[in-house]
Amino acid sequence: MLDVIAKMASVLRRKRPVTSFFLDLPKNSPFASESFLRKPSQNPHPLTPSTSYLNNNRVQFIRPFSTKSTAKFPEYQMPSVSWGVIQGRKEKLVSRVIICDYLKGIGIIPEELEDLELPSTVEVMRERVEFLQKLGLTIDDINEYPLMLGCSVRKNIIPVLGYLEKIGIQRPKLGEFVKNYPQCLHASVVVELVPVIKFLRGLDVEKQDIGYVLMKYPELLGFKLEGTMSTSVAYLVSIGVHPRDIGPMVTQYPYVLGMRVGTMIKPLVDYLVSLGLPKKILARMFEKRAYLLGYDLEDTVKPNVECLISFGIRQEAIASVIAQYPQILGLPLKAKLSSQQYFFNLKLKVDPDGFARVIEKMPQIVSLNQHVIMKPMEFLLGRAVPAEDVAKMIVKFPQLVALQVGLMKNSYYFFKSEMGRPVKELVEFPEYFTYSLESRIKPRFQRLQSKGISCSLAWFLNCSDQRFEERLHGHYIEAESAGPSFFMGGKLELPGNEIVSEEEDESDDEILYRRTVSL
C-alpha cells in the first residue's frame, strides 16, 4: 500500500496525467480493475457511485455534480416562478396552442402574447379572463392591452386591486381604472406603488384626494420618483410657487407631475415673462389655476396672444389682460373675439376700437353669454337712454354688462325719484350701478341733503367713508378731477399714480396680481 502511495506522489510531482498512474499499477492492484478504468460513457450506470474495498474499508468514488447534466434532457427547463409547474417543451407548445385557440374563440387576438409566458392550463387562463370581465372590462378592452392576461389573479391582480381600493379608489371604479391604465397590474405593491403614494402625501395631497388624483391621472403610478415628478415640483417652487400649494395644484391638475421642465413648463414661463408678467404673478396664477401649465405654447398660447393684438389690444396691456383672465390663453379665442366684436358692433353700437378697450378692462367678456349681456343693456335702452350713450357707458365701464337687472332697477328708481338727477350723470358715471343702494347711496345722499351740498355722483360715491367725512366737514368742495381708474378685482388708482390702499409699500407685481379676477 505504501508503494502505491509513493508512486502516485511521484506522478503528481512530474505533472503526469493521473491515468498514467493507474496504467503502471500491477494487475493485481484493486485500482487497475477494468471496471474502474472504464470510461464514463461505457459505464451502464453513470450516476451510480463505483465502490471498491481496500483493507476491509468501504471507499466511494462519486462523480462531481454539474448543472450541465440536464443537457441530456433538453425537453425540461426550470419551473416558472409564477406558475410553479414543470412542463416539457412539447407539453408547453401543446398548452400554448390550446390556450390560443380558447382566446381566439372568445374574440381575443393572441398575437401579442407570443413572447409572453402563458399558464400551464387553459383553466387558469379562463379564470383570468373571467376575473377581468367581472371587473367590468370587455373583450375589446383586453384586446387594447392583451399583456394583462400574463398577470396571475392571486399573485398580481388581487394584491394590486386591494391596495388601490385601500388608498381610496372605490371598488365600482376599479374596472375603469384598470381599463385606463392596465399596466398597473404588473406593478409590485411594495416596490412601485407604495413609494408613489408616499410621494404624493409628501406634497401635501390630502389622503382623501389620493383616489381622485389617480383616477384623473393613473399614469402617475408608473413614474419614477427621481425623474419628472421631482424636477417639475422643484422648478415650480423655484419660480415662487409656495411649497404648501403644490398639493392643491396636484389635486386640481395632477398632469403637472408628468410635464417635463425643459420642454413644457419653462418655455411657457419664459414666454409669459417676456410679455411683462413677473414670475411672482405667474406663481400666483399657477397656484390658483394649475391647468394653465397644460396649455400648449406653440399651438394655443402664442396664437392667442397674436390674436389679441390683431383685434386691437395694445401690447402693453397684454400682461394686464392675462393677469385678469388667465383662461384667455387657452380659449378658441379668434372665434370668440370675432363673434363678440360683431355682436357689440351690431347690437350695442360699440366700434372695434371701443371693443378693444372693453377687452383690456374686462377680458372675461369674450366668454360672456350674449343673452346675459343684453339684459342690462335692454334695461337702459328701455329707460330712454340713447344707444350712443349706452355704448359710451360700456366702453367706460364694461362691468356694466354683467350686473343684475334687479339691482339696477332699484338703484335707477332711487336715482330718478329721490335724487331727481338727469340721466346724463349716469352716462358720465356708470359705476353708480355697482354701489350698494342701502349701505352707500342712500346714507350718503341723506347726509348731503342735511348739509345742503350739491355735487356729482362720483364726488360722494367714489371715495372711502373716511374721505367722505372729510369732504362733508370741509369748508369748500374741492375741484373735480379725473376719477380713479377701475380694474376688475384690483385697486383704485388715482391720478398721479397714487394707490389707495391700506398697504403703502407694495410692489408693482403685487398690484398686478390683485387685479386678477376669478369669475
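Give the residue, chosen from K349, K334, that is outside any helix (DSSP H, G or I) and basic (K, R).
One residue alone meets the criteria, K349.
Scan (1) surrounded by 11 or more Cβ atoms within 10 Å (Cβ to Cβ); (2) modelled with pLDDT of 85 or more for the single condition D140 breaks and write down its number.
The one condition D140 does not meet is (1).
Examine the range 120-128 for a residue that is basic (K, R), buried (at least 19 other Cβ atoms within 10 Å of the Cβ) and under 20 Å from F177 (Cα atoms), and state whether such a residue exists.
Yes: the range 120-128 contains one or more residues that are basic (K, R), buried (at least 19 other Cβ atoms within 10 Å of the Cβ) and under 20 Å from F177 (Cα atoms).
Just to be sure before I move on: is L337 in contact with a Cys (Cβ under 8 Å, 6 or more places away or on another chain), free of Cβ contacts under 8 Å to residues at least 60 places away in the same chain and within 30 Å of L380 (Cβ to Cβ) in the structure I sent?
On the way: in contact with a Cys (Cβ under 8 Å, 6 or more places away or on another chain): yes; free of Cβ contacts under 8 Å to residues at least 60 places away in the same chain: yes; within 30 Å of L380 (Cβ to Cβ): yes.
Yes.
All but one of (1) of a type outside the set (G, A, S); (2) closer than 21 Å to Y102 by Cβ; (3) surrounded by fewer than 16 Cβ atoms within 10 Å (Cβ to Cβ) hold for E165; state the number of the condition that does not hold.
(2)
Taking K347, is it open to solvent by 20 Å² or more (accessible area, probe 1.4 Å) and touching a Pro at 6+ places or on another chain (Cβ under 6 Å)?
no
Listed here are the residues, each with its yes/no results for (1) in contact with a helix residue (DSSP H, G or I) (Cβ under 8 Å, 6 or more places away or on another chain); (2) open to solvent by 40 Å² or more (accessible area, probe 1.4 Å); (3) not β-branched (V, I, T).
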| residue | (1), (2), (3) |
| --- | --- |
| M419 | yes, no, yes |
| L426 | yes, no, yes |
| P430 | yes, no, yes |
| F433 | yes, no, yes |
| R440 | yes, yes, yes |
| Q449 | no, yes, yes |
| W459 | yes, no, yes |
| D465 | no, yes, yes |
| E469 | no, yes, yes |
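Can you find a residue in the range 158-171 that is charged (D, E, K, R), in contact (Cβ under 8 Å) with a residue 40 or more places away in the chain and closer than 19 Å to L221 by Cα?
No.
Looking at the range 139-160, is at least one residue in a helix (DSSP H, G or I), touching an Asp or Glu at 6+ places or on another chain (Cβ under 7 Å), closer than 27 Å to R89 by Cα and among the aliphatic types (A, V, I, L, M)?
yes
Can you name the condition, by its number, that I394 falls short on among (1) surrounded by fewer than 18 Cβ atoms within 10 Å (Cβ to Cβ); (2) under 29 Å from N345 (Cα atoms); (3) among the hydrophobic types (A, V, I, L, M, F, W, C)?
(1)
Quick one: in the range 357-391, which of the residues that are in contact (Cβ under 8 Å) with a residue 24 or more places away in the chain and of a type in the set (S, T, N, Q) is surrounded by the most Cβ atoms within 10 Å (Cβ to Cβ)?
Filtering first and then ranking leaves Q364.
Of everything in the range 115-138, what is in a helix (DSSP H, G or I) and not β-branched (V, I, T)? Give them in sequence order.
First, pick out the residues of the range 115-138 that are in a helix (DSSP H, G or I): 122-135.
The answer is E123, M125, R126, E127, R128, E130, F131, L132, Q133, K134, L135.
May I ask you to list pairs of residues, at least six apart or on different chains, whose Cβ atoms are under 9 Å apart, with the first in the range 432-443 being in contact (Cβ under 8 Å) with a residue 24 or more places away in the chain and of a type in the set (S, T, Y) and the second being open to solvent by less than 60 Å² (accessible area, probe 1.4 Å) and not in a helix (DSSP H, G or I)?
That search, which allows pairs on different chains as well, returns T434/F397; T434/L403; Y435/N462.
Could you check, for the range 219-231, whether at least one of its residues is in contact (Cβ under 8 Å) with a residue 40 or more places away in the chain, buried (at least 17 other Cβ atoms within 10 Å of the Cβ) and within 28 Å of G175 (Cα to Cα)? Walk me through it before giving the result.
Quick first cut of the range 219-231, residues in contact (Cβ under 8 Å) with a residue 40 or more places away in the chain only: 221-222.
Those left that are additionally buried (at least 17 other Cβ atoms within 10 Å of the Cβ): 221.
Cutting the leftovers down to within 28 Å of G175 (Cα to Cα) gives us 221.
Yes - at least one qualifying residue is present in the range 219-231.
Regarding the range 201-208, can at least one residue be identified that is part of a helix (DSSP H, G or I) and buried (at least 17 other Cβ atoms within 10 Å of the Cβ)?
First pass over the range 201-208, keeping only residues part of a helix (DSSP H, G or I): 201-202, 207-208.
Those still in the list that are buried (at least 17 other Cβ atoms within 10 Å of the Cβ) too: none.
Looking through the range 201-208, none of the residues is part of a helix (DSSP H, G or I) and buried (at least 17 other Cβ atoms within 10 Å of the Cβ).
Return a yes/no flag: does the range 274-284 have any residue that is of a type in the set (D, E, K, R), in contact with a helix residue (DSSP H, G or I) (Cβ under 8 Å, 6 or more places away or on another chain) and surrounded by 19 or more Cβ atoms within 10 Å (Cβ to Cβ).
yes
Out of K288, K266, which single residue is farther than 29 Å from S339 by Cβ, open to solvent by 60 Å² or more (accessible area, probe 1.4 Å) and either in contact (Cβ under 8 Å) with a residue 12 or more places away in the chain or of a type outside the set (F, W, Y) (or both)?
Values: K288 fails: farther than 29 Å from S339 by Cβ.
Result of the check over K288, K266: K266.
With the structure loaded, tell me whether E316 is open to solvent by 30 Å² or more (accessible area, probe 1.4 Å), of a type in the set (D, E) and under 25 Å from L368 (Cβ atoms) or whether it fails that test.
yes
Looking at G294, is it open to solvent by 30 Å² or more (accessible area, probe 1.4 Å), out of contact with any strand residue (DSSP E or B) (no Cβ under 9 Å at 6 or more places or on another chain) and closer than 30 Å to G354 by Cβ?
no
Note down all Cβ pairs under 8 Å where the first residue falls in the range 105-127 and is modelled with pLDDT of 90 or more, the second is open to solvent by less than 40 Å² (accessible area, probe 1.4 Å) and part of a loop (DSSP other than H, G, I, E, B), and they're at least six residues apart or on different chains.
M125/L118; M125/P119
The values are calculated or read from the model by the stated rules, or taken from the named source; none is laboratory data. Predicted, not measured: the structure shown is a model, and the values here were computed from it. A quick note on method: Cβ atoms are made from the backbone with ideal geometry, for glycine too, and the neighbour counts reach across all protein chains shown. Accessible surface is based on the protein model in full, side chains and every heavy atom, while ligands, DNA and RNA are left aside. Shrake-Rupley method; radii C 1.70, N 1.55, O 1.52, S 1.80 Å.
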